[in-house]
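This is the structure, below, for whatever I ask next.
The values are calculated or read from the model by the stated rules, or taken from the named source; none is laboratory data. All values derive from a computational prediction rather than experimental measurement. Cβ placement follows ideal geometry from the backbone for every residue including glycine, while neighbour counts extend to all protein chains displayed.
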Amino acid sequence: MVTVGETTRETAYTPGAPSLGPRLARHLDRHRVVPRDYYEVLGVSRNATDAELKKAYRQLAMRNHPDKNPGDAEAENRFKELNEAYAILSDADKRAQYDRFGTVSPGAGGFGDVGFGTLFEDLFEGFFSGGGGRQRSRAVRGEDLQYELKITLEEAASGVETKIQVPRLETCETCSGSGVESGSKREVCQACHGRGEVRYTQGFLTVGRTCPRCGGQGEIVANPCATCRGDGRVRRERLLQVKIPAGIEDGMQMRLSGEGAGGARGGPPGDLYVVVRVQEHERFVRRDSDLYTELPLTFAQLALGTEVEVPVLGGTAKLKVPPGTQPNQVLRLRGKGMQHLRGRGHGDACYQVVLEVPQKLTAKQREALEAFEAAMKDEGGWVKKILGG
Ligand SMILES: [Zn+2]
Ligand SMILES: [Zn+2]
């Protein structure tokens, strides 16, 4: 490694020197921050090895990366300086030039196009958001798919076996997913040189975009498979058998392993998730394994007690209303609810009592009620209770 004395570097360190035209000097002042000592920026000695440089850069760049310091302009500037410093010092020619002259002439690469992207990919592959993009020729697992299956509450109660039609991408059988016509092969994309990503410099930052030519694959198929047009996958509709267990709840999902989209380039298929949507029932509302509904009864039925026919899922049943039952009280038919999803047995069918007050009375009904009211007053019980006496 060339070691250059301090003085030589200092005297040559003259950005915006008078020999430059005044307009150019002003332009450089405005558009290029005068570079600080690159060794100082990276906190390394002048005879640091490449490994030491890389280590120092990696640590500092991670700490000052804009993704980790959103909105922090100082961090962004430091990050830019670090990039400049490392871009120059990691290149043997540029480092030698910098050591001799204290600057690197724009003709020797400048700061904008030294290829930060490449540095970044080398050092931080996949570490920061937007740093990825390389996926060439690797086997890719198929996507997981989601299918929404609507069932009735009755079906949820009994369990159901049904068929669903699933549109999905499947691995092409003609080319076994390679996307290439037999006898032909993939070629490295010339637009991105296989990286799958092209880099643009925007101000301080170098931004990566998915390569438009190869779509991020890094490769181009010269003779694509005729069946799948090079995709490696074809669209198919599949009829799949699904078994929904009794007691399933709204929003639960079942995983059908390997029934998702087919993989690309030999990758395994994804999974299919069947999300069960239990439709609202006209009468019952479900809470865990219990089913709730309202049961309208008259005052007399509640006071005297009775037996009524009530709806249950898929039929009717008899329910005993004990004398003295209160409004809003919940009466239960044990075991007439939903099957417990885990464990044995069923929940209950629950009937919340609603007191029905007649809006019109016949003369006979009125007479009977008035007699009842008079009898209550005689006893003093009911009215006294209401008035808190
Ligand atoms: Zn194919
Ligand atoms: Zn490309």
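Which condition does R277 not pass, out of (1) away from ligand 1 (no atom under 16 Å from the Cβ); (2) within 27 Å of the chain's Cα centre (by Cα); (3) more than 30 Å from V312 (Cα to Cα); (4) among the basic types (K, R), if it passes all the others?
(3)
What are the residues in segment 328-350 that are within 36 Å of the chain's Cα centre (by Cα) and either of a type in the set (D, E, K, R) or part of a loop (DSSP other than H, G, I, E, B) (or both), if any?
G337, M338, H340, L341, R342, G343, R344, G347
Being surrounded by 14 or more Cβ atoms within 10 Å (Cβ to Cβ) and among the basic types (K, R) is the filter; apply it to segment 163-207 and report the residue that is farthest from R265 (Cα to Cα).
R199
Here's something else I'd like to know. Of all the residues that make up segment 332-358, how many are loosely packed, with under 10 Cβ neighbours inside 10 Å and either among the hydrophobic types (A, V, I, L, M, F, W, C) or closer than 26 Å to L319 by Cα (or both)?
2
Check segment 313-329 and report whether any residue there is farther than 23 Å from E155 by Cβ, modelled with pLDDT of 95 or more and touching a Cys at 6+ places or on another chain (Cβ under 6 Å).
no
Here's something else I'd like to know. Name every residue in segment 36-82 that is more than 32 Å from the chain's Cα centre (by Cα) and not in a helix (DSSP H, G or I), in order of residue number.
If the condition is that a residue be more than 32 Å from the chain's Cα centre (by Cα) and not in a helix (DSSP H, G or I), then R36, D37, G43, V44, S45, R46, N47, A48, T49 are the ones that fit.
Tell me which residues, restricted to segment 84-103, are within 40 Å of the chain's Cα centre (by Cα) and more than 15 Å from E40 (Cβ to Cβ).
Correct list: A87, S90.
Oh, and also: Scan segment 283-297 and tell me whether some residue there is in contact with a helix residue (DSSP H, G or I) (Cβ under 6 Å, 6 or more places away or on another chain) and not assigned by TED's automatic domain parsing to the domain that holds K243.
So far as segment 283-297 goes, no, none of its residues is in contact with a helix residue (DSSP H, G or I) (Cβ under 6 Å, 6 or more places away or on another chain) and not assigned by TED's automatic domain parsing to the domain that holds K243.
Quickly run through segment 207-250 and pick out the residues that are part of a strand (DSSP E or B), more than 16 Å from ligand 2 (Cβ to nearest atom) and closer than 24 Å to G179 by Cβ.
Scanning segment 207-250 gives R233, V234, R235, R236, E237, R238.
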